[in-house]
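K.L.:
Structure below; questions to follow.
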Amino acid sequence: MGTRGIILVCDNIEKNNTPVYGDDTLFIEATMYFQFDTYPTGLGDDIKNALNGGNVQIINGISMNQESPEYFNRIPDLAAYLVYKLKEQHPRIGSVELGNSTRNTYGIEYIYILYPLKVCEESFKEKSDLKLRLIGGYSNKVLYDGLLKDADMQKIEKDESNDND
């Protein structure tokens, strides 16, 4: 049996900048389902590694000196890149699937929500860091909510296991 999880890549997050899974105010650009190894030191580290250690900037507009994986032209560009990199890392059949956010979440152990710190509306003038909200699927407890680049997946996993003792 695998450790199942999902990634939601969101834009235009709700009013208070705190996405809640199942909330209709999330604008979900991509949903990815994973059958195996979705614990923080598995999929969490894979996400960070695919996205330049979390050191990414969301922009609105393309400039010649900005390249992936450091810059992304809005959230859909980041979502496409993330799908590509994760499927490249996990080519096994069924390991990475695209889906929709209404998938039955029974058995989902981790929910990763990626979203911009702020929405960049003016072309070329604004940049945004990327945030991660990690939720324990069984407990519905927020395990982490902050910048992706600051997420210490080993600490998150250790803290969660200590809470379950």
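The values are calculated or read from the model by the stated rules, or taken from the named source; none is laboratory data. In this text, all values refer to a predicted model and were calculated from it rather than measured experimentally. As a convention, Cβ positions derive from the backbone with ideal geometry for all residues, glycine included, and neighbour counts pool all protein chains shown. Protein only, heavy atoms only, side chains kept; ligands, DNA and RNA dropped before computing areas. Shrake-Rupley method; radii C 1.70, N 1.55, O 1.52, S 1.80 Å.
K.L.:
Rounded to the nearest 10 Å², what accessible area does ASP145 show when all protein chains are kept and the probe is 1.4 Å?
P.N.:
For ASP145, the solvent-accessible surface is approximately 60 Å².
K.L.:
Continuing with the same structure: What FRET efficiency comes out for the pair GLU70/ILE93, r = Cβ-Cβ distance, R0 = 30 Å, nearest 0.05?
P.N.:
About 0.45, to the nearest 0.05.
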